[in-house]
Amino acid sequence: MKSIVVFSGAGMSAESGIMTFRDMGGLWERYDVTEVASPEAWEKNPQLVMDFYNQRRKQLLQCEPNKGHTLIAGLEKDYDVQIITQNVDDLHERAGSTKVLHLHGELKKARSTVDESLVYTLKGGELKLGDYCEKGSQLRPHIVWFGEAVPAMDQAISLIQQGDMVVVVGTSLQVYPAAGLLNFIKKTVPIVVIDPDTPKFSAAGNITAIRKKASEGLQSLSTD
Ligand code: APR
């Protein structure tokens, strides 16, 4: 069965009402990333960091997968589909996709600050100071912050090298090492880039740009 690797970013969830980071009015225009999404921020003001993610988690609970997520899930009928996402929402999974690798963590999860293998799904949605892991340490958002390593990167490289086709959707390709994944795609493998804007990337190869929103651009790929 032919394999498709989907590499998605915040634009994938834009039509579900989730703000992107670098578009006009995006998240990083409203928040200083060093104040809410870095280990230094967590050290300095854990409550502010907690509030930032609690707010995004609360918003996520109001959002539904959009047609783009559903179209990608539908591709599993005819293809072996592996998603590598920079998104921390669970909309790919909720749309029915079964193989999703989160490079930058998951908003609905928290992890121990003394043992990163201890990861918990947040039931209510709120994470508070005083919420401890089974080893008695404060829980933190299960998010890869700026300046932290991306533990799933090696797995992502191996996955993207196996794709017979790569679909890049809704990412500005400005954040590394994630954006560097494109350099691991074999030159003969077709790459489709779906984005109303034209992300800047240097990867050579067999690239087709579809300058449309995710739901429209993915329609043209769908086999229905
Ligand atoms: N459909 C498809 N693409 C869209 C849509 C849409 N409806 N709306 C916006 N886009 C595109 C924008 O043109 C842009 O290229 O989505 C991209 C969003 O880029 P960013 O906001 O930079 O998001 P992303 O590339 O996912 O950021 C990567 O940066 O802040 C970190 O960890 C965070 O995972 C994130 C990483």
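Odds and ends about this structure:
- Eligible lysines near Lys123 by straight Cα distance, threshold 24 Å, same-chain separation 8 or greater: Lys58, Lys99, Lys108, Lys109, Lys135
- Dipole size of the chain about its Cα centre, with +1 on Lys/Arg Cβ and -1 on Asp/Glu Cβ: approximately 240 debye, rounded to the nearest 20.
- When DSSP beta bridges are restricted to pairs lying wholly in region 107-224, around 45% turn out antiparallel.
- The chain: relative contact order as a whole-number percent, Cα under 8 Å and 6+ apart: 24 percent
- Length gained on full extension, Lys212 to Lys77, computed as 0.36 nm times the residue gap minus the Cα-Cα distance: 46.2 nm.
- Highest to lowest packing among 29-41, 137-149, scored as the average C-beta count within 10 Å: 137-149, 29-41
- Relative to the Cα centre, the charge distribution of region 21-72, modelled as +1 at Lys and Arg Cβ and -1 at Asp and Glu Cβ, gives a dipole magnitude of about 260 debye.
- Taking each residue as 0.36 nm, the span from Lys2 to Met24 lengthens on full extension beyond its C-alpha to C-alpha distance by 4.2 nm.
- Modelled FRET efficiency - R0 30 Å, Ser117 with Phe146, Cβ distances, 0.05 increments: 0.85
- Sites Asp131 and Tyr31 - FRET efficiency at Förster radius 25 Å, r taken between beta-carbons, to 0.05: 0.65
- Shape of region 39-86, Cα gyration tensor, a/c cut at 1.5: oblate
- Cα lying deepest toward the dipole's positive end in the chain, options Ala110, Gly125, Ser97, charges on Cβ: Ser97
Taken together, the values in this text are just the output of simple stated rules run on the coordinates, not laboratory data. These figures come from a predicted structure and were not determined experimentally. Here Cβ is always computed from backbone atoms with ideal geometry, including for glycine, and neighbour counts include all displayed protein chains.
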